[in-house]
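Note sheet for the following structure.
The values are calculated or read from the model by the stated rules, or taken from the named source; none is laboratory data. Just so it is clear, the model here is predicted, and its values are computed rather than measured. Here the Cβ positions follow ideal geometry from the backbone for every residue, glycine too, while neighbour counts run over all protein chains shown.
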């Protein structure tokens, strides 16, 4: 397995583990994230590109750097995301809504925008995009309106890219992850609010399984695609939630 990959949100959590797995599999990897120091902690032998995925100019610079360094792109892992502030639709502010949308949805759009342009023009053409959805792309947690709305929207983005990319040998799939053990989910393991109002700890699973799942999706030839994959802690309250 080899090629050129971009991983967003690569400075921690799922992104860090995915990036290291891709490097171990022979990919040349550009690491994108807000903090250069955190990106270097992920891997010093990768292309480090500090990036704010919610900024059109910042994302354009990321893909300009990839073009200059490698001349092509075979894989984009759209991983950057934030839970954003908790709250129901009448509780969060428009500013908090906008910040969550900018990171989770607009960021994925901007990266896909530049990735697809490069994948169309390069020779051999084509490539793959893997979007990090979430269990929240299927069902919400209480008081998570901004996060849930963006993750439902990621599913629409995935489907549209998948359809529009067919003619250009561009495959797009989505991985929906439930309770991988990272810094971002540490609170869930301690206690998460349930639909009945109670707070209970939820099981998590080793994030390395996510990295291996992404590697499998990436390993397929472009005439095959994992359109959607759901990977969760076996006993998390997803099936039957509510």
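Numbers below:
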{"quantity": "Any hit, the stretch 199-207, residues being more than 30 Å from residue 1 (Cα to Cα), part of a loop (DSSP other than H, G, I, E, B), free of Cβ contacts under 8 Å to residues at least 24 places away in the same chain and touching a helix residue (DSSP H, G or I) at 6+ places or on another chain (Cβ under 8 Å)", "calculated": "yes"}
{"quantity": "Set 54, 84: member being on the phi > 0 side of the Ramachandran plot and either in a strand (DSSP E or B) or crowded, with 17+ Cβ neighbours inside 10 Å (or both)", "calculated": "84"}
{"quantity": "Unique residue being more than 15 Å from the chain's Cα centre (by Cα), surrounded by fewer than 17 Cβ atoms within 10 Å (Cβ to Cβ), under 30 Å from residue 89 (Cβ atoms) and at pLDDT 95 or above when the list is 198, 160, 219", "calculated": "160"}
{"quantity": "Those residues of the stretch 22-37 which are outside any strand (DSSP E or B) and in contact with a strand residue (DSSP E or B) (Cβ under 9 Å, 6 or more places away or on another chain), in sequence order", "calculated": "22, 23, 26, 34, 35, 36"}
{"quantity": "Any hit, the stretch 180-193, residues being in a loop (DSSP other than H, G, I, E, B), out of contact with any helix residue (DSSP H, G or I) (no Cβ under 6 Å at 6 or more places or on another chain) and modelled with pLDDT under 95", "calculated": "yes"}
{"quantity": "Answer from 150, 234, 155 - the residue that is surrounded by fewer than 21 Cβ atoms within 10 Å (Cβ to Cβ), within 14 Å of the chain's Cα centre (by Cα) and over 25 Å from residue 70 (Cα atoms)", "calculated": "155"}
{"quantity": "Yes/no for residue 73 being under 29 Å from residue 150 (Cα atoms), touching a residue at least 40 places away in the same chain (Cβ under 8 Å) and assigned to a loop (DSSP other than H, G, I, E, B)", "calculated": "yes"}
{"quantity": "Unique residue being over 15 Å from the mean Cα position of the chain (by Cα), at pLDDT 95 or above and either surrounded by fewer than 17 Cβ atoms within 10 Å (Cβ to Cβ) or not in a strand (DSSP E or B) (or both) when the list is 19, 60, 10", "calculated": "60"}
